[in-house]
1. Residue 58 versus (1) part of a loop (DSSP other than H, G, I, E, B); (2) of a type in the set (A, V, I, L, M, F, W, C); (3) in contact with a Gly (Cβ under 9 Å, 6 or more places away or on another chain); (4) crowded, with 21+ Cβ neighbours inside 10 Å: which is the lone unmet condition?
2. Considering the stretch 1-26 alone, what residues qualify as being more than 14 Å from the chain's Cα centre (by Cα) and either of a type in the set (Phe, Trp, Tyr) or closer than 12 Å to residue 60 by Cβ (or both)?
3. Which numbered condition in (1) of a type in the set (A, V, I, L, M); (2) crowded, with 17+ Cβ neighbours inside 10 Å; (3) in a helix (DSSP H, G or I) is the only one that residue 84 fails?
4. Spot the failing condition for residue 126; the list is (1) within 20 Å of residue 30 (Cβ to Cβ); (2) over 17 Å from the mean Cα position of the chain (by Cα); (3) among the charged types (D, E, K, R), and only one is missed.
5. May I ask you to list the residues in the stretch 106-125 that are free of Cβ contacts under 8 Å to residues at least 24 places away in the same chain and out of contact with any Leu (no Cβ under 9 Å at 6 or more places or on another chain)?
6. Name the residue that is nearest to residue 69 (Cα to Cα), counting only residues in the stretch 87-101 that are buried (at least 19 other Cβ atoms within 10 Å of the Cβ) and in contact (Cβ under 8 Å) with a residue 40 or more places away in the chain.
7. Given the conditions (1) within 17 Å of the chain's Cα centre (by Cα); (2) not in a helix (DSSP H, G or I), which single one is not true for residue 79?
8. Across the stretch 141-158, which residue is surrounded by the most Cβ atoms within 10 Å (Cβ to Cβ) among those that are assigned to a loop (DSSP other than H, G, I, E, B) and either of a type in the set (Ser, Thr, Tyr) or under 14 Å from the mean Cα position of the chain (by Cα) (or both)?
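Just so it is clear, none of the values below were taken in a lab; they were calculated from the coordinates. Quantities reported herein were computed from a predicted structural model and do not represent experimental measurements. So basically every Cβ, Gly included, is an ideal-geometry build from the backbone, and we count neighbours across all protein chains shown.
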Amino acid sequence: MKILLHICCAPCATYPVEELRREGHEVHGLWYNPNIHLYREYCRRRDSLRDYAARVGLPIIYEDKYGLREFIRSVGDGEGNRCAVCYRLRLQRVAKIAGQGKFDSFSTTLLVSPHQKHDLIKEVGEQAGREAEIKFYYEDFRAGSREGLRLTKEMELYRQQYCGCIYSEYERFKKQ
């Protein structure tokens with residue numbers, strides 16, 4: 001199967017890309033992350049993905065537009081359902097591109113993180129797939145999160161400390 005994989009960052013891509021290839025799938029990546037802020041953080045994650053993709057021969061489609069205004073308008077004050085809105089923004093985009101291209105399905109590297117809301121990602125992904133008339137490929141990659149961390153360290157990839165949204169960054173420092 002030819003899969004278009006939404007990639008939130010290089011560290012989260014390591015295990016899913018390796019696993020999907022091991023399963024015999026042809027994997028292409030998509031960089032589209034209007035949620036990542038500040039701008040320097042966005043650039044560090046994008047550049048780390050470029051480095052990783054070059055090393056492992058992963059074709060990437062870059063939707064490289066810093067989406068601060070779109071993201072903030074979409075999630076409002078950050079209370080309530082910001083994760084659902086964020087997942088929807090990204091998964092609708094990957095579904096649309098996958099549906100227009102020559103892909104059999106689409107997925108996301110968000111599924112490797114034990115910190116993400118898997119049931120919600122699956123629900124939003126399946127809905128985006130129905131809307132774009134392409135299958136959402138769900139696989140729980142969390143079992144490989146430690147392997148991904150090992151690969152990230154081995155490749156010396158930039159590893160961030162928060163999901164990417166400005167609200168998550170605020171919450172990270174507020175706890176301290």
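1. Here residue 58 clears every test but (4).
2. Passing the criteria: none in range.
3. Of (1) of a type in the set (A, V, I, L, M); (2) crowded, with 17+ Cβ neighbours inside 10 Å; (3) in a helix (DSSP H, G or I), only one is false for residue 84: (2).
4. Of (1) within 20 Å of residue 30 (Cβ to Cβ); (2) over 17 Å from the mean Cα position of the chain (by Cα); (3) among the charged types (D, E, K, R), only one is false for residue 126: (2).
5. The first filter runs over the stretch 106-125 and keeps only residues free of Cβ contacts under 8 Å to residues at least 24 places away in the same chain, leaving 119, 122-123.
Of everything in the stretch 106-125, those that are free of Cβ contacts under 8 Å to residues at least 24 places away in the same chain and out of contact with any Leu (no Cβ under 9 Å at 6 or more places or on another chain) turn out to be 119, 123.
6. Filtering the stretch 87-101 for residues buried (at least 19 other Cβ atoms within 10 Å of the Cβ) gives 87, 89-91, 93-95, 97-98.
This time we only want the ones that are in contact (Cβ under 8 Å) with a residue 40 or more places away in the chain, so: 89-91, 93-95, 97-98.
Working: 89: 13, 90: 15, 91: 18, 93: 16, 94: 19, 95: 22, 97: 22, 98: 25 Å.
So, considering only residues that are buried (at least 19 other Cβ atoms within 10 Å of the Cβ) and in contact (Cβ under 8 Å) with a residue 40 or more places away in the chain, the one nearest to residue 69 (Cα to Cα) is 89.
7. All conditions pass for residue 79, except number (1).
8. 141
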